[in-house]
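> Pasting a structure here, questions to come.
Please treat every number below as a calculation from the coordinates, not as lab data. Just so we're clear, the structure is a prediction, and the values are computed from it rather than from any experiment. Ideal geometry is used to build each Cβ from the backbone, glycine not excepted, and the neighbour counts take in all protein chains shown.
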Amino acid sequence: MAEISAKLVKGLRDKTGAGMMDCKKALAETNGDTEKAIEWLRQKGIASAEKKAGRTAAEGAIGSYIHTGARVGVLVEVNCETDFVARGEIFQELIRNVAMQIAACGSVDYVKVDDIPAEVAEREKQIEMGRDDLAGKKEEMKEKIVAGRIGKRLKEMALMDQPFIKDSAMTVEEMVKQVAGKVGENIQVRRFVRFNLGEGIEVEKLDFAAEVAAMGGAA
């Protein structure tokens, strides 16, 4: 496999407008061939989706998904540019796929890594800094190790970075970009909420041994 240099990635980005990570993946998939990488991005709909990313997406729809057994439910808002696209079969299928993805990813609480509050990221950092396997290491080394772990951890909390449940070769973000390329509009997953049956309810657990003892004492 050809070495994918930063210069090569930047050159492809300048030509297509696609994101850096998408460009890097395209070059990796095409053995560093820029022209083939451009074709790859176009086939995936990523290049055209990136060009539309700055346009206002104020239409769309709120979709829902209830998992089998009715113990997990999801509401999700996905935006596009026109009501025409929002009512279309491709967009409606996208909403359902995103809602199913959210239901399947119990550890995901945010749409993107950028949405994660600074205090949450800091809390995760402190947890990692306190790991036993880092004890005795120099502070500079600990910082580097933790930075790598935190980057991975934050991605685990973000919906768009998850492998798509119907095709793990792509992320949710790549799947959304493909749909955006097909419909020719900017598409954004805006927000979601997941409901887990019984979540937050404190269930009183009976201590039968204590109850029997109490009954005996009362007699």
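> With axes computed from alpha carbons, what is the tilt in degrees of helix 139-156 against the longest principal axis of the chain, rounded to the nearest 10 within 0 to 90?
90
> Further, regarding this structure: Excluding Lys144 itself, what net charge comes from residues whose Cβ is under 11 Å from its Cβ, given Lys and Arg +1 and Asp and Glu -1?
Its environment carries a net charge of +1.
> Let me ask you something else. Go through segment 139-171 and name the trypsin sites (Lys or Arg not before Pro) that are in a DSSP coil and have 15 or fewer other Cβ atoms within 10 Å of their Cβ.
Sites meeting the loop and neighbour criteria: Lys166.
> Would you please give the FRET efficiency between Asp83 and Asp115, computed as 1/(1 + (r/R0)^6) with r the Cβ-Cβ distance and R0 = 22 Å, to the nearest 0.05?
Here the calculated transfer efficiency is 0.25.
> Can you tell me the orientation of helix 208-218 relative to the chain, as the angle in degrees between its alpha-carbon axis and the longest Cα principal axis, to the nearest 10?
20
> Let me ask something else about it. Take the chain, mark every one of the GluC sites (Glu not before Pro) that falls in a DSSP loop and has at most 12 other Cβ within 10 Å, then report the longest stretch left between them, sites excluded.
Longest run free of exposed loop sites: 4-198.
> In degrees, nearest 10, range 0 to 90: what is the angle between the Cα axis of helix 34-44 and the longest Cα principal axis of the chain?
50
> Students often get this wrong, so check it: of Lys10/Lys137; Lys24/Lys166; Lys36/Lys144; Lys36/Lys142, which have C-alpha atoms separated by over 32 Å?
Lys10/Lys137; Lys36/Lys144; Lys36/Lys142
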